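The values are calculated or read from the model by the stated rules, or taken from the named source; none is laboratory data. Because the structure is predicted, anything quoted here is derived from the model rather than measured. Reconstructed Cβ throughout: ideal geometry from the backbone, glycine too, with neighbour counts over all protein chains shown.
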Amino acid sequence: MSSTNEIGLETERVQCSSEIDLSDLHCSTICENILWKPVACQQCETHFCSMCITKWLGNNPNQCPMRCDNFIQRSCSKFIARQLAKLQIACIYQPNGCNEVILYEALEKHEMICGYQLVKCTGCLLEMLQKDLTEHQSKCASVLMTCEDCKIVCRQNDVLTHHSDRICLREQLRQFQHESQYETQQLREQLRQAQHDQTTLLVSRGIIADDNPVKRIHIQSTVETDTLDRNRIVLDNNSHSVLNDQLLCSECRNVIWRPVSCGKCGAIFCKKCRPQNNFFDKITTFFGGQRVRHGRNNCEKFEEIPVPNYITTELDGLRVRCVYAPNGCRIISRYYDLERHEKQCEFEMIPCQLCQLPLSKRPPMMQHTLHACFEQMQRENPARIQQQFMILLNTIEKTEADNRRLQSTIDDVKTQLNHLNSICVKKTDKDDK
């Protein structure tokens, strides 16, 4: 049931109004109910509900409903405000059992906290009175609960079977192990990076040869594409999981990325692949078209909920190749560590063709000018030819700056000549006359 703010204040709800003339308290010409949050026209002094006059002005800009020249809004008169304050109003939720009769000024606050308004349970979506909601949700089997210690989400009726003290401690231990494994992997990555830097240095000095040089290309990260290709999953003896069908998106058939599940049929999707109940689907259904279905059971309505815990566990066991593997990265990360690795992977950067300085496409992007390119080449190889290149580049830049200043001077001289020419023409015309 809607509140008074939404449907207005009907005359039938006024109690004990024999001492007050209600004819002065009606919304003129629009809803004709008792004034609710009234405002007035400054010219004709007619009062209207604020919601009614707002809708009216939306269709009739600057026009008063009483045909005044121009509608200028002002606050309600003190007389009308005093008369309204005397009214006693029956609660809008009286049909649901509320017997309260409230003063006009306290009505809105009462309706916000009234225990007889209808609300829905967050679990089973059953509609009930507000005053019964707390007791219902304490027993409702469908209400989701989140443990503050281990963050496991489960339905209330599954607490005993899916969230005992033993399970909670085991999950906390698993999360601690996961964090420890991530720190260990970071240390290993740093070690590999140090070895890679040392090898790169030796190759650049000609001490060792680069047997397999890789030409890097621009590649979007997994987060940018919002897709995890199933071919990037490493399935070997070190894998803690196999790539079963439950870990594949029901739509794109790749590994689920930022997974969500349908509360109706249990189908699992990537975040970007999940069914959308948009405006065009509603129009199609209205004209008799068939609803878009999903999942093996041809489910019609998608209700998004988190994926089950066993799916999270299975995903955590996956080992994934870095998206920058084509550029030479050999790091294999766990599923939930992949995003953090790709944000700092050095193989995202593509070397400049001239100076070989690694350049990143990640924001904020560094501007790599020709001058910076030559400076980098001089730092890497401060030979005579590089110094000559730098001298030549500086000379070119200085010449270009001199040319710009010279062009500016020429433009100023032209302007002055044109001005003198116009003065001479005017003087000649004056002498001729």
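For the structure I just gave you, tell me whether residue 175 is under 19 Å from residue 314 (Cβ atoms), polar (S, T, N, Q) and surrounded by 11 or more Cβ atoms within 10 Å (Cβ to Cβ). Judged against the criteria, residue 175 is a match. Among helices (runs of 4 or more DSSP H) entirely within the range 254-349, having at least 3 residues that are surrounded by fewer than 18 Cβ atoms within 10 Å (Cβ to Cβ), at pLDDT 85 or above and of a type outside the set (A, V, I, L, M, F, W, C) singles out 309-316, 338-344.
Table: residues versus (1) modelled with pLDDT of 70 or more; (2) more than 30 Å from residue 340 (Cβ to Cβ); (3) among the aliphatic types (A, V, I, L, M).
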{"site": "379", "(1), (2), (3)": "yes, yes, no"}
{"site": "382", "(1), (2), (3)": "no, yes, no"}
{"site": "385", "(1), (2), (3)": "no, yes, yes"}
{"site": "388", "(1), (2), (3)": "no, yes, no"}
{"site": "407", "(1), (2), (3)": "yes, yes, no"}
{"site": "428", "(1), (2), (3)": "yes, yes, no"}
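Filtering the range 125-143 to residues that are among the charged types (D, E, K, R) and closer than 18 Å to residue 115 by Cα leaves 127, 131, 132, 135. Listed here are the strands (runs of 3 or more DSSP E) enclosed by the range 33-147 that have at least 1 residues being over 30 Å from residue 14 (Cα atoms): 144-146.
The listed residues are 52, 31, 27, and the only one of them that is buried (at least 19 other Cβ atoms within 10 Å of the Cβ) and at pLDDT 90 or above turns out to be 52. Among the residues of the range 225-247, those identified as at pLDDT 80 or above, within 16 Å of residue 325 (Cβ to Cβ) and surrounded by 11 or more Cβ atoms within 10 Å (Cβ to Cβ) are 225, 227, 228, 229, 230, 232, 233, 234.
Taking the criterion of being of a type in the set (Asp, Glu) and free of Cβ contacts under 8 Å to residues at least 40 places away in the same chain, the only residue of the range 22-44 that qualifies is 32. Among the numbered conditions (1) touching a residue at least 24 places away in the same chain (Cβ under 8 Å); (2) buried (at least 17 other Cβ atoms within 10 Å of the Cβ), the only one that residue 104 does not meet is (1).
For the structure I just gave you, tell me whether residue 22 is surrounded by 12 or more Cβ atoms within 10 Å (Cβ to Cβ), more than 21 Å from residue 114 (Cα to Cα) and touching a helix residue (DSSP H, G or I) at 6+ places or on another chain (Cβ under 8 Å). If you could, list the steps in order and put the result at the bottom.
Values: surrounded by 12 or more Cβ atoms within 10 Å (Cβ to Cβ): yes; more than 21 Å from residue 114 (Cα to Cα): yes; touching a helix residue (DSSP H, G or I) at 6+ places or on another chain (Cβ under 8 Å): yes.
So residue 22 fits the description; yes.
Given the structure, is residue 209 in a loop (DSSP other than H, G, I, E, B), modelled with pLDDT under 80 and hydrophobic (A, V, I, L, M, F, W, C)? Yes: the conditions hold for residue 209. Among the residues of the range 1-19, just one is in a strand (DSSP E or B), surrounded by 14 or more Cβ atoms within 10 Å (Cβ to Cβ) and more than 44 Å from the chain's Cα centre (by Cα), namely 14.
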